[in-house]
Amino acid sequence: MRWLGWALVGGGLLPAQAGEVQVAVASNFTAPMQAMAVAFERETGHTVRMSFGASGKFYAQIKHGAPFEVLLSADDEKPAQLEKDGLTVPGSRFTYALGTLVLWSAQAGLVDAKGEVLAKGAFQKLAIAAPKLAPYGAAAMEVLSGMGVLAAVQPKLVQGENIAQTYQFVSTGNAELGFVALSQVMKDGVLNAGGSAWIVPAKLHRPIRQDAVLLAKGRGNVAAEALLAYLKTDKTQTLLRAYGYGR
């Protein structure tokens, strides 16, 4: 067996054995997770195997025995349900980030600073993530309903299986605009995807609390435990803020 000099465990540097962890990651967290994984692997020597997708699909896969050891969900409901199902390590669940919803278009000037484009209806397609699978899609539906425009835009809605596919619809022009995660269009604290955007006020939908949990298959896996500890560090939280996440 190969041993490392150090690994981050419980917020501190302790000797540890090199390991590997299988992580199911919500699509909205793709960019920050990839950046975090590079730093984590460099600092600990552990290897992170990542799968990205809709939280709802991951929930179903985990229920059916998928080999994931850590879940980084886009909500707090599915990790809590897995906890009730007895498929997690008790006491391991925590909120690692608060997500931010944004209405974005690849076209400059289409989306205004108050989201009034939704009421004006000067578009053919509005992309959202599937509400039953993706928390960001559910939040988008809350916004549309609260603004009183849901009935008017319903015929124009196109649904992505997850937030990554929703972003693809908008970025390719297949939909003129869509509700995506701020992390998909922000880096280093600034919008970097071009086009136009309205950052949706948090008061317009329930908080998007993104919970992490150690799954039962990850019990005793030093790499899995270290990864969850790394999520809580100041360094990681600074990284997440640069992608538009709160805590």
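Things to note:
- Segment 182-206: number of residues that are part of a strand (DSSP E or B), more than 24 Å from residue 122 (Cβ to Cβ) and open to solvent by less than 30 Å² (accessible area, probe 1.4 Å): 1
- Residues in segment 209-247 that are at pLDDT 95 or above and in a strand (DSSP E or B): 209, 210, 211, 212, 213, 214, 215.
- Selection status of residue 31, modelled with pLDDT of 90 or more, open to solvent by less than 20 Å² (accessible area, probe 1.4 Å) and hydrophobic (A, V, I, L, M, F, W, C): no
- Only a single item in (1) of a type outside the set (Val, Ile, Thr); (2) over 14 Å from the mean Cα position of the chain (by Cα); (3) open to solvent by 50 Å² or more (accessible area, probe 1.4 Å); (4) under 18 Å from residue 29 (Cβ atoms) is not met by residue 140, and it is number (3).
- Options 173, 194, 189, 218; residue that is in contact with a helix residue (DSSP H, G or I) (Cβ under 8 Å, 6 or more places away or on another chain), at positive phi and of a type outside the set (Phe, Trp, Tyr): 189
- Verdict on residue 218 being in contact (Cβ under 8 Å) with a residue 24 or more places away in the chain and farther than 20 Å from residue 18 by Cα: no
- Only residues that are part of a loop (DSSP other than H, G, I, E, B), in contact with a helix residue (DSSP H, G or I) (Cβ under 7 Å, 6 or more places away or on another chain) and closer than 21 Å to residue 31 by Cβ were counted across segment 149-170, and they come to 1.
- Of all residues in segment 113-123, exactly one satisfies the criterion of being surrounded by fewer than 17 Cβ atoms within 10 Å (Cβ to Cβ), in a helix (DSSP H, G or I) and of a type in the set (A, V, I, L, M), namely 119.
- Selection from segment 53-68 of residues that are touching a residue at least 60 places away in the same chain (Cβ under 8 Å) and open to solvent by less than 30 Å² (accessible area, probe 1.4 Å): 53, 54, 55, 56, 62, 68
- Candidates 126, 110, 177, 150 - the one that is in contact with a strand residue (DSSP E or B) (Cβ under 6 Å, 6 or more places away or on another chain) and surrounded by fewer than 20 Cβ atoms within 10 Å (Cβ to Cβ): 110
The values are calculated or read from the model by the stated rules, or taken from the named source; none is laboratory data. This is a predicted model, so every value here is computed, not measured. Note that each Cβ is placed from the backbone with ideal geometry, even for glycine, and that neighbours are counted across all protein chains shown. Heavy atoms of the whole protein, side chains included, go into the accessibility calculation; ligands, DNA and RNA do not. Shrake-Rupley method; radii C 1.70, N 1.55, O 1.52, S 1.80 Å.
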